[in-house]
Structure formats: C-alpha cells, structure tokens
Amino acid sequence: MQTAVENTSPELTKKDFVSDQAVRWCPGCGDYMILAMMQKAFAQMDNAKENFLSVSGIGCSSRITYYLDTYGVHSIHGRAIAVATGAKLANPDLNVWVFTGDGDCMAIGGNHFIHACRRNADLNIIIFNNKIYGMTKGQSSPTTPEGLKTKTAPEGSHENPFNIGEVAIGAGATFFARVPDNNPKLLEDIMMQAYQHKGTSVIEVLQNCVIFTDGIHEQITGRETKDDNQVLLQHGKPMIFGKEQNIGLKLNGMRLEKFTFDNGTDGSLIHDEEEKDPAMHLALTRMQLPEHPVAMGVIRKVDAQNYSENIHRVIEAEKKKSSFKNVKDLFKSGNTWEIT
Amino acid sequence: MTENILTPEMRKVVVRFSGDSGDGMQLTGDMFSQSSGIAGNDLTTIPDFPAEIRAPQGTIGGVSSFQIQIGGTEIYTPGDSVDVLVAMNPAALAANLPILKPGGTIIADVDAFTSKNLKKADYDSNPLEDGSLDEFHVILAPATSLTKEALKHLGLDMQAMTRSKNMFALGVVLYMFSRPLENTIRFIENKFGHKPLLVEANKHAIEAGYNFAESTEVFGRAIVIPPARLPKGTYRNIDGNTAIAWGLLAAAENSGKKLSLSSYPITPASEILHELSARKDMGAIVFQAEDEIAAVCAAIGAAFSGNLSATTTSGPGASLKSEAIGLAVIAELPLVIVNVQRAGPSTGLPTKTEQSDLNQALYGRHGDAPIVVMAASSPDDCFYYSYEAARIAIEHVTPVILLSDTYLASGTSPWRLPENGDLEDIKIPKFEEDSEEWEPFMRDPEYLNRYWMSPGDKGFEHRNGGLEKKENTGNLTYEPLNHEKMTKIRAEKIERIAKRLPGLKVTGSQSGKLLVVGWGSTFGSINTAVTELIEEGEEQVGFVHFNYINPLPENTGEVLEKFDKILVCELNNGQFVNYLRTKFPGYQYLQFNKIQGQPFFTSEIKAEIINTLSK
C-alpha cells in the first residue's frame, strides 16, 4: 500500500531535491533556472519526499529528472505524459511533475498532450519552449516561427507554428501559465500555483537555447524590452504594462487592442483567470508582437472535474456497493456447478 | 436415408445452434453449455458471428452460430464437424450444411422457411421439401408459431413473442439429451430475475419446445451423454478473455498489489478491458488510453509506481507498443503485456484466429531486448497463465508477454475454480534492509532480478529510464564494457527463469519415430488427434506442448532428442519451428502450418501424422 504520509517528515529544503548527478546542460542554458526554481518550489510543497515523481521524455529538457532527487522516470520520446498519467492513476497520492520540450510534447507527444488537457488528471506539465530541437541538433519544431532558418528548413521555416497555450486551452486545459526563463520569482510562483491546482497544469517556459536559437525570446524577455513587450496577468487586476505602466488592453469589437492612458487604468480589462469560457483566455494566449504584448503569468485556472480523483472515487463507491469481498466471491457469482 | 449417427451409446456429440444475428443463438448455446456442465459433461464451445455489428437480416452473411462439443470423456475442441444442427432460418441451414456429418440431425424452424427467407439464402426451392436433405435426419419444428401459441396469454407484443423462439429450440435440444428443465429455468431466473415477464416468456417457450419434442416422438431414442471423470470441485464456464482478466485480479489479490490495466480497444482483446472496467468493485484501476502507445506507457508508469500493471492488445497494437516494451526491458520493470493474436499482417483478418505474432513477441524490439514469452492453451487455462505471467513479472521484475488468440478469447471451457493452495504465492522482491545499503540495479544473486522499490518507499528515491545504466548503481554510463555486461545480464536474467518452470511432459510414446509439437491455443486439436491415434494402436508417436516459449523449459532438448522426426504444428507460416531450429539445431524438423484464420481440425492433424509416419 502506498499512502501519503504528510507533515511527518522533517522540513525539506532545496538541497533535499538536488541529486548527486553532474548537471550537463550547455553553459548559459535556460534549463538551469528551471531546475533551480523547481528544487526550490519542491521544498515548499506539502508532500513527503518519497511521494514526488518526476517524469520526462527525450530531449535536453528531459535530462532534468536525473538532477532532481525524487523518484523519477526518464522515459521515451514524447511519452512522458502517458507514463505520468499511469503513475498518477496508480497512486493518486503522488505529486507528479512532467518535464518536456516543444518537440517532445507538441510533435511526437502531441496526442498525449491534448488528451491530458482534456482528461484533467492531477498532473503538472512544464514545457521548455525553445522553438527548436536542441538535442538532435537544430531541426524545426512545431513551435519554430515562420521564417526561422533551421537544419530542416535552411531557407527558413514555412510552416505554421503551434501556440502552446492555444492548443492546451483548445484541448480543455484547466490551467495554463506562461513564464520567461529569466524571471525566477514568477517561475517559482507559477510552479506553486500549478501544484495547488487540482487538475492538469500546463506551464510554458520561454526557454533560451544558447546554441540553436539563442535570443529567440530576446524581444520579449530582454532587459530593455520586456516591460513594453510583456503583460504580466494577475487575477482580478487590470491588464496593464509598459515601462511607465501606462498601457492597457481593451476590447475593440471582438479584438484585443492596446491603448495608452494618462490616469488610473482608464477602463483596461480586468484579468479573470477563473472564467470558465475560454474565449478571452485564448485571445490573451494568442497575443503576439508587435501588435500586442506577450501575456505572462497564469492565463487560465478554472475548477473542473479531475480524472485521477474521479476514477478513485468511483472505485471506492463500486467497492462499497459490491458483494464481492475477494476474487473467490467473484468467481462464484453467476452460474456454477459442482462435480463431486 | 443415411443411418442416424445419434445413438444412445455415443460418448460425445457436437451441437451447433445457428440463426440470424438477432435470434439469440449465443445465449441459447450458453444455456445449453450450462446444462451440460451441470450434467457432468466436459465441453468446449466456440461462437461464430458476423464481423458486422448489424448484418443484413436473413442473409448468409448475417448468420450467427454457437458450436459446442460435449462428452463423457475429456473434450478439448468444439469439434471438426457437427452431429446436430439447429437452423432457425434458411440462411443458417445453407451456411452450416457443409460441416454437418452425413446421418446428422437438422432441427429446422419450418415457420422461417418462407419464400422471402429462402430467396435471401439463395435457395431456388425449399430444401425441407425438395429431397436435398435426404442424407440427414430432419426435424420440422414449427418454433415460431408454437412459441407464439405458448406465449399468447402473457400479453406480449408480436416481436417479443417471436424473440423467444430460440428458447423453444433449446427446449427441443434439452429433451433430445434427456436433460431436466429445472437447472435451465434456474439459469433464466438468475439472468432475467429483474424482468419477471421475460422469465415467464422464456420458461413457457422452453417448455413448449420440450413438450413438442416429447409428444411428437421425433427422436426415436433418448440420448444420455454420461458424465466425464473431471476432478472434484466447483466449475463454471469461462471464455479466454474473462479468464485472463480474472487471472490478473487473482494475482493482484495474492500479491497484495493494486491492479492497473491500461489499454486501448482492439479486436479480439477488448473484452479483457471491458471485464476489468466492470471490476472497479474489485478495485481495478482501468485506464482507456488515447492510443496503444499511451496504454503501454501508462502501464509502465503504473509499474514504476508499484502496482501490478498490465496492458492488453492484439498484433497491430503490439507493434505500436514495441518501443515502450524496450523501455520496460532496460528499466527492468514488472509488466504484463497480453497479445490476443488475430490474423495479420496489418489489419489482416481482424476477427479470425492465428498464431503469427510469435516472432514479434520474441524479437519485435530494437536492441538486444529479451523478454519472457508464454502462451495459454485453452479458454480456462488463460486464467492460470495470466496469473503466472503476473507472478513471473513481479518476482523476476521483468516484462512478460502472454500470447492468447481469437480462438481462446471467444471460446469457452469449464473451469474448476481455484481452491486454497492451488495458486503459487507471489513474493514481492522488496529490498528488506536499510536503503543506505541499496542501489537501484542491485540484483538477487540467484535469479539476477533487481529489487522493485517504488514511490512511497521512503529513502529509495531513484531515477530509472531508457538510457543504459551502470551495473549495480544504475547511474548513466556509456562505458563500452558495461553495456556489453548489462546486455548479457538482461539475457541471463530471462534464461534463469527456466529453472522455475515446469518441465515438458510427453503424451504417448516417450521416444520413437515421431514427436508432434504444438504451442499455445492448438493444444486441444493436437492432443485430441494424438490421443485418438494412440487409442487406435499407434505406438510410435509422442506429443509435447509448449506454454513457455522464452525461456523454454529446461528439459526441451532431452525431449526432442528422443525422436527421429519432429512435426511442429502451428497456425502460422513456421515461426515456432524456426525458433526450435535455431535453439536446438541438428534434429529433423517437419512443419505443418495452417494459415486460414481458422483453428486446426483434429482430422487434419491426424491425417498429417499418419502421412508423416508413412513416409
């Protein structure tokens, strides 16, 4: 039997989640920040250490399971979410984290991703989005922007990329957040919010690959440009941004539009992450430069049925109703006869 | 007229119930099976129904049949050909006449032989009247009209009354084999107790059929198939898929583990998924995944998390799962993969039986990835081999492939319920000492399995996955010699399981001219053929059957070497025979292959053996 033994273990610290394996990402890789914040966030979570499970697929991102001192599965390409789903259903007391990349999750693992969003089992999925295949050395991924030159699109990509949040919310995700890899405080805060959310939480990290797409997010995340090009969404607060905090968002017909104001917030939209209708969340997710700032923070967080909880509730109810105490009772049910 | 083959002295008989898909032939056959079990007969059944969910009514394509062989001796097959055919319409007659023995009996619902129905079955004239059935004994039973008559006082509509005509036919057959009605009526009450009117209708229809047979004296002599000498115990009829589901439940209970099943629907394996979905009352955690790959990967997640974990599929699904099975091999996780085989390749004949996924089970992975492969050989022993697959997976911390097939999945045979002590205990290979002393790839010195530590086990946090591991510690490494060593350890681990497997037992001659070899679902027909030849005085033939394919039982070589020739019979183009040729070269192997989507007939095997002996 696996049961959660909560609050009986001594206080955990970040160090408890640092494994003895040497970290082998390229110097300057955005993954280091995600690892550090994950270890920090893990230490704050209300679970016994033996109930943490990290699951990853294949790619640079997926190496992270070796660096986290928890139970971990480094699975196969694209399948981390499927492995994690099986684990969570098997033992609902586990605190399950999936680490994946834009290639692993949105291409080869795309089917598992949309079904995880639909099912809403209590999983946390962190997608390291660097818009390229790193470990296989520079091929286009499903999030590679049009025009970007890659090994498989030497004249520039001419495919339409996925917007991860749009796919997630379109598939029914109940929690979607976006965060740049150079904002540790926001990263940690979102990890904790995902942990508290009952259901599948999807976190897209705009992660910089120093080798193949160095600077790909620079316009959004750069020190000089981030204030004008990001809008940090906060539940119940107006959507305002800009160095002077004087640009807001409003609706013009069916479209979001930015506007500058002089006083107060002048009718800027108020963010409601809990709105069940996904229309506005999708619109916020889709915002792109240069027309709009890129939305950061928790875009969507709604209560909904949670598959991993549901399945065990149904099992308990059926067990209670059943007259079978063990397999013998089952075998003897129905029509049997005796040979003497 | 040919002499009636039904005699009071007969020791076994084959009955085939056949009608339109909507005529309830499967239920009728099921009830006759129950009645036969209670009478102490041994039996084997096989359904045969259209692949279409709603085939056109009255046509040959829409015929649904249920065949049963019952006996006062041990019965291992549903029979090659039929002694008694129940034909509820002309199409059922036309479809099954080729397998009715000369001198056999036809019970025909004359009411259904209308010109419209005759036309749908491509009859130019009514075979019940034109003399074309002269070599058979035909019983003209007005099932539809007499059923209506018997039920008219119940106030049912016409359709509901007509629907009970299958019970009329059952009543006729029950009388024919001198069966008391009480047991069957009790079955009806159990099954339809919540619908009293339906119970009444079925009871009256059965009685009407029974009385019709009695009063018209259509059968000269009553037939009593004597009880077979079966081991004492409580029995029930079971099909192969249910037996596999229940084997997993029993293994979960005996190991103290929760059962996780992660599967994707596929013919002919889906019923395992259905049965366990209905077994939430036994705590089964069932996940219908979005695809075959998700199913096996979720099963791996559940195995890592410490549950008894299984995934069920058929050939095409097994192909999709192969990469992930490789992960389970290198991660050394306990996992049961059930492949209920169907005729391939690709979509092939999806509703027909074949044993052609053996090579896939043995070799269908990249890298050197040996795995345990075993095969069940009857609907009821699917229970035992499913339990054994789970036991081996857990105790040796390895993936195990269990092969079944369409024939076992849908056929039934009587199953003696296991009693205390019948099933071997399942010991969980936990590391019992302090976690400080433990490494993720430490091994049991005797069997080389690693220990199965999982989330929830405090102090045993570790990472596992698809990359090669350093011996013992499980840390990642590309060291050349380590990879070679780990590859050999993984192979040796599987080989050592042979030490715990039961040895092969030879039926018939223990040495001599010819050893007949089978594996998996063909046991019934081969065993019957060899046993009949031995009874007929053949002294030079032995028979051995394999349920464990990898590793092979330890005495395999000893058995093979005692015979001049080895005839391997299988439902594929020669996969097991080639495996034996590789493992035990130097013997004279012959092969008998049938690749028609159909099981072996006993008569085919017999003819092949006689033919081989005469060469």
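FYI, it's all coordinate maths here, none of it is from the lab. Values in this document were obtained by computation on a predicted structure and should not be read as measured data. Reconstructed Cβ throughout: ideal geometry from the backbone, glycine too, with neighbour counts over all protein chains shown.
Normalised by 2.2 N^0.38 Å, where N is the number of residues, the alpha-carbon radius of gyration of the range B:465-516 equals 1.97. Backbone amide hydrogens, once placed in the peptide plane, bring A:Ala173 within less than 5 Å of nothing, excluding anything fewer than 5 places away on its chain. The range A:163-189 and the range B:1-74 have their alpha-carbon centroids 61 Å apart. Around A:Leu256, with a cut-off of 10 angstrom between Cβ atoms, what is the net charge of the other residues, counting Lys and Arg +1 and Asp and Glu -1? Computed value for this residue: +2. Derived scalar couplings between HN and Hα for the range B:368-376 equal 7, 9, x, 8, 6, 10, 9, 9, 7 Hz in order, rounded to whole Hz, by the Karplus curve 6.51 cos²θ - 1.76 cosθ + 1.60 (θ = phi - 60°), x for Gly and Pro.
Note: relative contact order over chain A, using C-alpha pairs below 8 Å and six or more positions apart, is 14 percent. Shielding value for B:460-470 is 6, the average number of Cβ atoms from other chains within 10 Å of each residue's Cβ.
Roughly speaking, what % of Cα-Cα pairs in the range A:154-260 are separated by over 17 Å, rounded to a whole number? That fraction is 67 percent. Couplings 3J(HN,Hα) of the range A:146-156, computed from phi: 4, x, 6, 7, 9, 4, 9, 9, x, 8, x Hz, in residue order, whole Hz [Karplus 6.51 cos²θ - 1.76 cosθ + 1.60, θ = phi - 60°; x for Gly and Pro]. Neighbouring Cβ atoms from other chains, within 10 Å of the Cβ of residues in B:446-456, number 4 on average. Convex hull volume of the C-alpha atoms in the range B:198-329, normalised per residue: 201 Å³.
For a quick check, take a GNM of chain A with Cα springs below 10 Å and name the residue from A:Asp93, A:Asp277, A:Asp303 with the largest mean-square fluctuation. Result for chain A, Cα springs under 10 Å: A:Asp277 fluctuates most. Over all orientations, chain B has a Cα convex hull whose mean projected area works out to 29.8 square nanometres. Computed over chain A with a Gaussian network model linking Cα atoms closer than 10 Å, the most mobile of A:Arg79, A:Arg313, A:Arg119 is A:Arg313. Out of the trypsin sites (Lys or Arg not before Pro) in the range A:180-239, which ones are loop residues according to DSSP with at most 12 other C-beta atoms within 10 Å? Of the trypsin sites (Lys or Arg not before Pro), the ones in loops of the range A:180-239 whose Cβ has at most 12 other Cβ atoms within 10 Å are A:Arg223. Between 0 and 90 degrees, rounded to the nearest ten: what's the tilt of helix B:196-216 against the longest Cα principal axis of chain B? So the helix axis and the longest Cα principal axis differ by about 60 degrees.
On the principal axes of its alpha-carbon atoms, the range B:96-191 has extents of 41, 31, 19 Å, going from largest to smallest. Of all DSSP-defined beta bridges confined to the range B:12-216, some 55% are antiparallel rather than parallel. A cut-off of 5 Å between modelled amide H atoms, ignoring neighbours fewer than 5 places along the same chain, links A:Cys209 with A:Gly215, A:Ile216.
Centre-to-centre, using Cα atoms only, the range B:81-124 and the range B:177-249 are separated by 23 Å. A simple count of charges around A:Gln196, restricted to other residues whose Cβ falls under 10 Å of its Cβ and scoring Lys, Arg +1 and Asp, Glu -1, yields +1.
The distance between label points at A:Glu244 and A:Thr13 comes to 4.7 nm (points 7 Å beyond Cα on the Cα→Cβ vector).
Between A:Tyr32 and B:Glu214, the distance separating the two model label sites (each 7 Å from Cα on the Cα→Cβ line) works out to 9.3 nm. Only DSSP H runs of four or more residues enter the estimate; each adds -39500 (n - 2.57), and after division by the residues of chain B the mean residue ellipticity at 222 nm equals -11000 deg cm²/dmol.
A simple charge model with +1 on the Cβ of Lys and Arg, -1 on the Cβ of Asp and Glu and nothing else charged puts the dipole of the range A:20-84 at about 180 debye relative to its Cα centre. For the range A:171-216, the convex hull drawn through the C-alpha positions has a volume of 79 cubic angstrom per residue. Neighbours of B:Phe192 by Cβ distance under 15 Å: Lys/Arg scored +1, Asp/Glu scored -1, total +2.
Among B:Glu424, B:Glu74, sorting on how many other beta-carbon atoms sit within 10 Å of each Cβ, with the fewest leading, yields B:Glu424, B:Glu74.
Neighbouring Cβ atoms from other chains, within 10 Å of the Cβ of residues in A:89-97, number 6 on average.
Reported to the nearest whole Å, the Cα centre-to-centre distance from the range A:102-135 to the range B:562-599 is 47. Would you mind telling me which residue in A:Leu94, A:Leu251, A:Leu269 has the biggest mean-square fluctuation in a Gaussian network model of chain A, where springs connect alpha carbons within a distance under 10 angstrom? Residue with maximal mean-square fluctuation among A:Leu94, A:Leu251, A:Leu269: A:Leu251.
Estimated translational diffusion coefficient (Stokes-Einstein, Kirkwood radius over Cα pairs, 10 °C, 1.306 mPa s) of the range A:129-181: 131 µm² per second.
Relative contact order for the range A:1-137: 23 percent, from Cα pairs under 8 Å spaced at least 6 residues apart, divided by residue count. Principal semi-axes of the equivalent ellipsoid, √(5λ) from the alpha carbon gyration tensor of chain A, are 39, 24, 21 Å from largest down. Using Cβ point charges alone (K and R +1, D and E -1), the dipole size of the range B:17-142 about the Cα centre works out to roughly 260 debye. The radius of gyration of the Cα set in the protein assembly as shown, together with its Dmax, comes out at 32.9, 109 angstrom. Sites listed here are GluC sites (Glu not before Pro) in the range B:186-259 whose DSSP assignment is loop and whose Cβ has at most 15 other Cβ atoms within 10 Å: B:Glu217.
With respect to chain B, whose longest principal axis is taken over its alpha-carbon atoms, helix B:381-396 is tilted by about 10°. Counting neighbouring Cβ atoms within 10 Å and putting the fewest first, the residues A:Phe42, A:Phe99 line up as A:Phe42, A:Phe99. Close amide H partners of B:Thr105, meaning residues 5 or more places away or on another chain with modelled amide H under 5 Å apart, are B:Val84, B:Leu85, B:His137.
Hey, what angle do you get for helix A:307-321 against the long axis of chain A, alpha-carbon based, 0 to 90 degrees rounded to 10? Taking the Cα atoms of chain A, the angle to A:307-321 is about 20 degrees.
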